[in-house]
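This report refers to the structure that appears directly beneath it.
Read-outs throughout are calculated quantities, based only on the coordinates presented, and are distinct from any laboratory measurement. Note that the structure is predicted; figures quoted are calculated from it, not measured. Glycine also receives a Cβ, built like all others from the backbone with ideal geometry; neighbour counts cover every protein chain displayed.
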Amino acid sequence: MKAQESTAGRSPRRALVLFTHRPEVEAAQKRLGRCPIHTRSILRQFIDYVSRVVAQARAVTDFEFFVATDAGFQPSRTGPDHLIIQQGHSFEERLTHALEAVAARGFEQIVVVGNDCLDLTPLLLEQAFQALEQKDVVV
């Protein structure tokens, strides 16, 4: 059933999920800078960038902001409405858990982005939600 069919005259509940590890966890797995401290700083800037874009997008598009991450995550000033602690061993298990957790809260349109989406803009987020009005899944 498409989201628009289940809304019965109301706007579908929309959620954006930032799917990310804490910078400290991800820095142990990746090397983006000269050293782990520099890598953590870069990863924090990635998360802050996505959070700023989300704040801008929310001025024109109605959605709630989730971060699916590791325990101990410290959100930025423009942080999420909700935190979901990732569960599972594989990427697939963690992503599936996050999507199921958001859907269980009644959200019908769910957009997922990673912390490395540096081309993300408010317009792209708006277009993603608009595309979900016509299709069940959009990549």
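Structure notes:
- Per residue of the chain, the DSSP helices (runs of n ≥ 4 H) give a summed -39500 (n - 2.57) that works out to -12500 deg cm²/dmol at 222 nm.
- FRET efficiency for residue 93 and residue 35, using Cβ-Cβ distance with R0 set to 22 Å, rounded to 0.05: 0.10
- Label separation (residue 123 vs residue 28): 4.1 nm, computed from points 7 Å beyond Cα along the C-beta direction.
- Counting other Cβ atoms within 10 Å as a rough exposure proxy, the listed residues 51, 41, 90 run 90, 41, 51 from fewest neighbours to most.
- Fraction in percent of alpha-carbon pairs per bin - 10 Å, the chain: 12, 41, 34, 11, 2, 0
- Cβ crowding within 10 Å, taken as a proxy for footprinting-reagent exposure, orders 89, 38 from fewest neighbours to most as 89, 38.
- Farthest towards the positive end of the charge dipole of the chain, among the residues 19, 130, 49, is the Cα of 49, using unit charges on the Cβ of Lys, Arg, Asp and Glu.
- Using C-alpha pairs under 8 Å with a sequence gap of at least 6, the mean separation divided by the residue count of the chain gives a relative contact order of 36 percent.
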